[in-house]
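Take a look at the structure set out below.
Each value in this text was obtained by applying a stated rule to the coordinates, not by laboratory testing. Source: prediction; values computed, not measured. Counting neighbours? That spans all protein chains shown, and the Cβs are built from the backbone with ideal geometry, glycine included.
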Amino acid sequence: MLSRKHLLGLENATREDIELILDTADSFKEIIDRDVKKVPTLRGKCVVNLFYEPSTRTRTSFELAGKYLSADTINFSSSTSSVQKGETLKDTAKTLEMMGIDAVVIRHSSSGAAEYLSWHMNAAVINAGDGTHEHPTQALLDMLTVREKKGTLEGLKVAILGDITHSRVARSNIFGFAKMGCDVYVAGPQTLMPREIEKMGAKAARNMDEAVEGADVVMALRIQLERQKKGLFPSQREYSRFFGIDKKRLSLAKPDALLLHPGPVNRGVEITSEIMDGAQSVINEQVKSGVAVRMAVLYLLMGGAGR
Ligand code: CP
């Protein structure tokens with residue numbers, strides 16, 4: 001089992017825990033391809049998806065992951081709940097816990113919301129993205145996708161590109177890939193590059209092309225317009241011209257380099273449609289890995305029995 005009761009981020013996760021989640025996810029992948037996608041592992045357990053921000057991939061895949069493992073899954077939307085009447089996050093979570101839930105999956109605009117819940121709950125807390133802090137299951141599914149395609153993560157050059165400052169995906173991926181022995185480079189507009197990036201385990205490339213050159217993995221990030229103050233770059237058209245990834249820029253990477261994007265993609269801004277739908281793109285595989293990783297995390301944190 002995992003060394004921690006909650007999954008709040010990868011900054012403090014051990015390499016052993018990451019490997020255990022990836023190996024468990026690997027073993028769950030075949031369930032997704034079965035005609036009958038159901039094993040009794042988490043029968044009698046209940047998971048609540050507590051989403052205070054929009055989501056397609058994360059919320060749906062956590063719901064499916066729970067269902068495939070026979071857990072009862074409840075989707076809680078802040079817009080149709082008593083949050084609208086002023087109920088606090090802590091009171092909302094405590095109310096749900098008293099109903100007998102075993103795990104809560106939380107997405108919130110505030111960095112630290114998942115950790116805050118973990119102080120007040122006995123149920124397992126899983127961070128599904130908190131502000132600009134971390135999105136650990138996204139990084140785990142990215143690592144699973146890359147490991148499956150490349151056979152190993154050790155020694156790979158990983159380029160993470162774009163809005164690094166506001167991206168919880170970037171932070172979790174830097175921590176995760178660096179822990180697994182990768183050389184992680186970041187690049188993007190200077191206005192979207194955090195200070196002291198090296199302390200997180202990444203190297204700041206001088207420009208986009210330097211980061212991509214010779215890379216095994218090229219990861220474009222979504223521009224987090226909802227978290228940016230105005231004026232960090234002139235326009236989406238200029239962003240695309242100077243910091244977008246197209247066929248020419250991707251050709252600087254190794255010929256068998258993988259192209260990743262966490263989604264949702266702003267087609268033609270972060271990456272061109274041509275490469276998004278091209279042979280090097282593993283964006284659809286990332287989605288499938290997401291279900292397997294979330295099955296593994298639920299299984300390992302909720303004490304699943306047999307498979
Ligand atoms: N990558 C990701 O978190 O996507 P959603 O916002 O659709 O969940």
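Determine the alpha carbon to alpha carbon distance for each of LYS29/LYS157; LYS37/LYS179; LYS5/LYS38; LYS230/LYS288; LYS5/LYS67; LYS203/LYS247 and list only those over 28 Å.
Values: LYS29/LYS157 26 Å; LYS37/LYS179 33 Å; LYS5/LYS38 25 Å; LYS230/LYS288 35 Å; LYS5/LYS67 21 Å; LYS203/LYS247 24 Å.
With Cα atoms farther than 28 Å apart: LYS37/LYS179; LYS230/LYS288.
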> Which log10 I(q)/I(0) values, to two decimals, does region 18-147 give at q = 0.21 Å⁻¹ under the Debye formula with one point per Cα?
Replying inline: -1.36
>> Over the Cα atoms of region 14-83, what radius of gyration and what Dmax do you get, in Å?
In response: 14.2, 40
> Among 90-103, 125-138, 13-26, how do they line up from the highest to the lowest mean number of other beta-carbon atoms within 10 Å?
Replying inline: 125-138, 13-26, 90-103
> Could you work out Rg/(2.2 N^0.38 Å) for region 166-307, with Rg from alpha carbons only?
Replying inline: 1.13
> Once the Cα atoms of region 69-117 are picked out, what are the Rg and Dmax in Å?
Replying inline: 11.4, 34
> Given region 204-243, what whole percent of its Cα pairs are spread farther than 17 Å?
Replying inline: 43
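For ARG15 and SER110 in the same chain, what is the full-extension length gain: residue separation times 0.36 nm, less their Cα-Cα distance, in nm?
Working: separation 95, 0.36 × 95 = 34.20 nm, distance 2.67 nm.
Taking 0.36 nm per residue and subtracting the Cα distance, the gain is 31.5 nm.
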> Quick one: Kirkwood hydrodynamic radius for region 71-171, alpha-carbon pairs, angstrom, one decimal?
Replying inline: 15.6
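Percent of alpha carbon pairs in the chain separated by more than 28 Å? If you can, show how the numbers build up before the last one.
Working: 17353 of 46971 pairs.
Looking at the chain, the distances longer than 28 Å represent 37 percent of pairs.
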> When you take every Cα atom in region 141-247, what is the radius of gyration, and what is Dmax, the widest Cα pair distance, in Å?
Replying inline: 13.5, 42
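Stretched out fully, how many nm does the piece from GLN190 to ASP277 gain, at 0.36 nm a residue minus the Cα gap?
Details: separation 87, 0.36 × 87 = 31.32 nm, distance 2.86 nm.
Taking GLN190 through ASP277 to full extension adds about 28.5 nm, to one decimal.
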